[in-house]
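Have a look at the structure below, then the notes.
Just so you know, all these numbers are worked out from the coordinates, no wet-lab data involved. Everything quoted here is computed from the prediction, not taken from an experiment. Neighbour counts run over all protein chains shown; Cβ positions are idealised from the backbone, glycine included.
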Amino acid sequence: MAIAEATKTILQDFEGGQIAFSKDGKLLDRESTTRLSEFLWTTVDDAFQYSNKHKDTIPTDRSLLDFFLEKIEGTGFSPAEKEACIESCRLWGAYVGDPVERQSLKFFCLEECVDESNVFVASTYERILDHVSQSARQHGYIRFNQPVVKIESSPRQDPNARHQITLTTASGERFQFDEVVVTCPLGWLKRNKSAFAPELPPRLTQAIDSISYGRLEKIYATFPRAFWHTPLTTTPNGPADQPTNHGQPTFAQFFDPVYVAHPEDIPWNQEFLSLAALPPSCAHPTLLFYTYGPCATYIVHKLASLDPSPQEHHAFLDSFLHPFYSRLPGYSATSPDCTPLAFAATQWQNDPYAGNGSYCNFQTGLERGDSDIEVMREAVGPERGVWFAGEHTAPFVALGTTTGAFWSGERAAAQVCDLYGLGKAGIGAARDDSLPSGCK
């Protein structure tokens, strides 16, 4: 936040403006949507507290969905309302990149975020990246398009001697360093443990394998105009209750649709943010859809199989998203404002430099999640001069975030400075693993 303020980066805290659609595609009334949202986030807070308090005794196979189901049964909701609550809780998948059934309750506390507003970077990360990279660009030696394929680092025999690490690139070039900070994504580490010589210690390898890597993907759909922000007199479901019944939606949730053909074993729930709701200088008529888990995997595999022409990708993404955006208030099949101009979709699961995924998460079956993170932070730095940084080594309160990735870099730099007895000018304050709801 401090860097965003210093660089005059524009942030947006999305509040209100939420709409939801039932499994049959009907727009829920505002009262029902509010009630579902309140239940969802109250239960998430309860789950954080429960995980913090009972982490040592919660079975490893117990999921966040199990916790939701228990809470739902304790309500006075009707069967239809209970089903809607279950659908609403699937929203959590868009935060961590995998279905709520896979979210570990035991280590749900590790998903708790910084106790501040969950802001959206409205003016992009450009100024932030320019700021944090300034020193490296001015004083460092940056080589692009040089993938490192080998990291050789032997334990030093003399404790007073410097480490000697050799990096080998795909082109065969070799470089030597005293210390190396590896910032590759967790997904890359999982697939490339053989790049380290000698092999990494068993406990570090176990930690890398144990923490899961998410499958979040994003799709941007841009229109000539934000038709969903138009005061409406009709909706795709018929006449509106009132001309401005739902206001201008900034967030929409679509429950697993029966009106879309899809694999029966894959939930097809979707969510989006309206980028037309950003501050005026940043706003544009774009819907940002978040997909995750098996559904996101289906999308990226399909995109990879298509002809690389923009027309092929446009046609597929439109066929995928049309059943959802066509249900928004203000939509008209005959209006050119309701026809997408362009789509852009991430394919992180197809990208080895993204680690073939998004960021770390904590799934059922995990036994030592907090300890695994701590082991990855230490890596083999003291013995071999190879340190790890990245969102998967962040303080617990910032795992899986860009903030956490930045903090982890500062932490790794401080570890190297400590080793050489150097000062820490320019390095931010050390951050512990305290969480807002009280566990380590």
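The table for this structure:
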read-out: Sites S434 and A333, calculated FRET efficiency, Cβ-Cβ separation with R0 51 Å, nearest 0.05; value: 0.45
read-out: Set of lysines near K302 by C-alpha distance (under 17 Å), chain-local residues within fewer than 8 positions excluded; value: K218
read-out: Rounded, prolate or oblate (a/c below 1.5 giving rounded, otherwise prolate when a/b exceeds b/c) for segment 1-82 by Cα gyration tensor; value: oblate
read-out: Added length on full extension, which subtracts the Cα-Cα distance from 0.36 nm per residue, S305 to E383; value: 23.6 nm
read-out: Nearby aspartates and glutamates by direct alpha-carbon distance to K8 (threshold 20 angstrom, same-chain neighbours under 8 apart not counted); value: E116, E126, D130
read-out: Separation of the A197 and D130 label points, Cα + 7 Å toward Cβ, nm; value: 4.3
read-out: Qualifying lysines (Cα of each under 24 Å from Cα of K53; at least 8 residues distant if same chain); value: K71, K106, K440
read-out: Per DSSP, loop GluC sites (Glu not before Pro) in segment 80-147 with at most 11 further Cβ within 10 Å; value: E116
read-out: Over 19 Å between alpha carbons, listed pairs K150/K190; K55/K190; K23/K82; K150/K193; K26/K82; value: K55/K190
read-out: Separation of alpha-carbon centers, segment 116-166 and segment 286-306, rounded to whole Å; value: 30
read-out: The chain: C-alpha gyration tensor shape, a/c 1.5 cut-off, then a/b vs b/c; value: prolate
read-out: Rounded, prolate or oblate (a/c below 1.5 giving rounded, otherwise prolate when a/b exceeds b/c) for segment 327-413 by Cα gyration tensor; value: prolate
read-out: Chain lengthening between E374 and H284 when straightened (0.36 nm per residue, less Cα-Cα); value: 28.3 nm
read-out: Distance (nanometres) between label positions extended 7 Å along Cα→Cβ at D13 and E367; value: 4.3
read-out: Between segment 181-215 and segment 17-64, the alpha-carbon center distance in angstrom; value: 32
read-out: Selection from A304, F324, P336, by position along the positive dipole direction of segment 241-339 (Cβ); value: P336
read-out: Förster-model FRET efficiency, 22 Å R0, D158 and K424, C-beta, rounded to 0.05; value: 0.30
read-out: Dipole moment magnitude, nearest 20 debye, the chain about Cα centre, only Lys, Arg, Asp, Glu C-beta charged; value: 980
read-out: Residue-wise HN-Hα coupling along segment 377-386, computed from phi with Karplus coefficients 6.51, -1.76, 1.60 (Hz; x: Gly, Pro); value: 4, 6, 6, 10, x, x, 8, 10, x, 10
read-out: Residue-averaged [θ]222 nm for the chain, counting only DSSP H segments that reach four residues, each worth -39500 (n - 2.57); value: -10000 deg cm²/dmol
read-out: Estimated FRET transfer efficiency when R0 is 35 angstrom, pair D29-A344 (beta carbons, to 0.05); value: 0.60
